[in-house]
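Undergrad: Let me give you the structure first, and then I'll get to my questions.
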Amino acid sequence: MAGRNAILTTLALAAMALAACSDKEATTSTSGGEVQTTAEEKIVIDQAGTEVTIPAEVNSIVSGGILPYFHTWYVATNSAKEIVGMHPNSYNAAENSILSKMAPDILKADTSFVQNGEMNVEELMKINPDVFFEIATDEKSIEQARNAGINTVAIKAIDAAAAEPLATFNSWLKLTGEIASTTERADKFIEIGTVVQNEIYEKIDGLTKEQKPNALMMYQLSEQAITVGGKNFFGNQWLNATGANDVAENDVTGRKDVNMEQIYNWNPEIIYLTNFTEIQPEDLYNNTIPGQDWSEVEAVKNKQVYKIPLGIYRWFPPSGDAPLMLKWLASNNQPKLFDYDMNAEIKSYYKDFYGYDVTDEEVEQILHPSSDAAKY
């Protein structure tokens, strides 16, 4: 119940904060006094606590190493035309997502400002966005961009309160609503997320540990490394919120490379593969990864390995499809309690929230994403 109350409290606070955003004036009070801006400017406080002066009307943005952020802008504003640049890894997800059909402008985004995994400030200056969004931990890129005169907003990859996907996405929407001067879609997302999480919690609240499957979130997997997620990472929250035990939560904090011996010790009944790895369930079923033997792992033996879907964005990190991720996981983790028809759920959600009619073929692409979505 503590986890449930924490999430609902976060959602409620986010909703109130979003409502307050629209009342901000151009003059912002700080510890040093009043900071004045022109009618064409406004000040926002980014997620690193820095005041950033931006145009009152933002017409172009670039999303850097905070990979999911570009689609957050679309969710909040219902527009992709302002997204003039994004990280190549983000572009790869966009190109293989349904968002490329919903908002084709997304594929016009420039990726040249990231070279060999690092930001090239000269290329970013050529794009000249009204606002550049960067992951808060990349202090080097943020400093370079600001020194070049680019309005730079730092975004935290994980919400400060917890690695809780809904809370994290809500925090991104809150800031985006302030920057774009709109809160309608953000408020609607918070409402839907609250309803779905309540619906699931009501059914799993009384389950004992023995009534929950032991599951593992495989963040990345290749011949070179087995990288899993544990406590204080999104996978742990997803599993706890949908009726499963996270086998890694007592041994791993964040992300960690492990060996096959550790996998055998955990022996998960269910394995989830993110879209940050090209590996598909069939690769484990057919034991095709050199140097690794997955044949004796319970999840593999029982064909309980799932590739996490990719809709408007990858479903593992915070995304606009988070309510669908909750239903999909609950259906896999507790099939006796949940019988969601994911085809119908996806069509209904996309129609109601995005105003987009999804075809059966598109549903299949969402639920069974290509390995290409992980390439970069």
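The values are calculated or read from the model by the stated rules, or taken from the named source; none is laboratory data. Only a predicted model underlies this, so the values are computations on that prediction, with no experimental measurement involved. With ideal geometry, Cβ positions are generated from the backbone for all residues, glycine too; neighbour counts draw on all protein chains shown. Surface areas here come from the heavy atoms of the whole protein model, side chains and all, with no ligands, DNA or RNA. Shrake-Rupley method; radii C 1.70, N 1.55, O 1.52, S 1.80 Å.
Undergrad: When you look at T77, is it loosely packed, with under 15 Cβ neighbours inside 10 Å and either of a type in the set (F, W, Y) or out of contact with any Asp or Glu (no Cβ under 6 Å at 6 or more places or on another chain) (or both), yes or no?
TA: Details: loosely packed, with under 15 Cβ neighbours inside 10 Å: no; either of a type in the set (F, W, Y) or out of contact with any Asp or Glu (no Cβ under 6 Å at 6 or more places or on another chain) (or both): yes.
Against the criterion (loosely packed, with under 15 Cβ neighbours inside 10 Å and either of a type in the set (F, W, Y) or out of contact with any Asp or Glu (no Cβ under 6 Å at 6 or more places or on another chain) (or both)), T77 does not qualify.
Undergrad: V153 - would you say it is of a type in the set (V, I, T), modelled with pLDDT of 90 or more, surrounded by fewer than 24 Cβ atoms within 10 Å (Cβ to Cβ) and not in a loop (DSSP other than H, G, I, E, B)?
TA: no
Undergrad: Select the strands (runs of 3 or more DSSP E) contained entirely in region 212-262, then report the ones holding at least 3 residues which are surrounded by fewer than 22 Cβ atoms within 10 Å (Cβ to Cβ) and touching a residue at least 24 places away in the same chain (Cβ under 8 Å).
TA: 255-258
Undergrad: Next question. Can you list the helices (runs of 4 or more DSSP H) lying wholly within region 76-133 that have 1 or more residues being within 21 Å of V153 (Cβ to Cβ)?
TA: In region 76-133, the matching helices (runs of 4 or more DSSP H) lie at 88-95, 121-127.
Undergrad: Right, next: Of the residues that sit in region 157-178 and are open to solvent by 10 Å² or more (accessible area, probe 1.4 Å) and not in a helix (DSSP H, G or I), which one is modelled with the lowest pLDDT?
TA: A160
Undergrad: Something else now. Across region 358-374, what is the number of residues that are without any contact (Cβ under 8 Å) to a residue 24 or more places away in the chain and not charged (D, E, K, R)?
TA: 2
Undergrad: Restricting attention to region 315-329, which residues are more than 13 Å from G235 (Cα to Cα) and not in a loop (DSSP other than H, G, I, E, B)?
TA: P323, L324, K327, W328 - these are the residues of region 315-329 that are more than 13 Å from G235 (Cα to Cα) and not in a loop (DSSP other than H, G, I, E, B).
Undergrad: Something else about it: So, K351, is that one within 16 Å of the chain's Cα centre (by Cα), open to solvent by 10 Å² or more (accessible area, probe 1.4 Å) and either within 25 Å of F233 (Cβ to Cβ) or modelled with pLDDT of 95 or more (or both) or not?
TA: When the stated conditions are applied, K351 does not pass them.
Undergrad: Of (1) within 24 Å of L67 (Cβ to Cβ); (2) surrounded by 20 or more Cβ atoms within 10 Å (Cβ to Cβ); (3) in contact with a strand residue (DSSP E or B) (Cβ under 7 Å, 6 or more places away or on another chain), I270 satisfies all except one. Which?
TA: (1)
Undergrad: For E278, which of the numbered conditions (1) assigned to a loop (DSSP other than H, G, I, E, B); (2) open to solvent by less than 10 Å² (accessible area, probe 1.4 Å); (3) under 26 Å from T72 (Cβ atoms); (4) not hydroxyl-bearing (S, T, Y) fails to hold?
TA: (2)
Undergrad: Kindly evaluate I308 against the criterion of being of a type in the set (A, V, I, L, M), open to solvent by less than 10 Å² (accessible area, probe 1.4 Å) and either out of contact with any Leu (no Cβ under 7 Å at 6 or more places or on another chain) or within 20 Å of I270 (Cβ to Cβ) (or both).
TA: yes
Undergrad: Moving on to the next point. Given the criterion modelled with pLDDT under 50 and more than 19 Å from the chain's Cα centre (by Cα), identify the matching residue among T38, T28.
TA: The conditions single out T28.
Undergrad: For region 139-150, enumerate the residues that are surrounded by fewer than 19 Cβ atoms within 10 Å (Cβ to Cβ) and in a loop (DSSP other than H, G, I, E, B).
TA: The answer is A148, G149.
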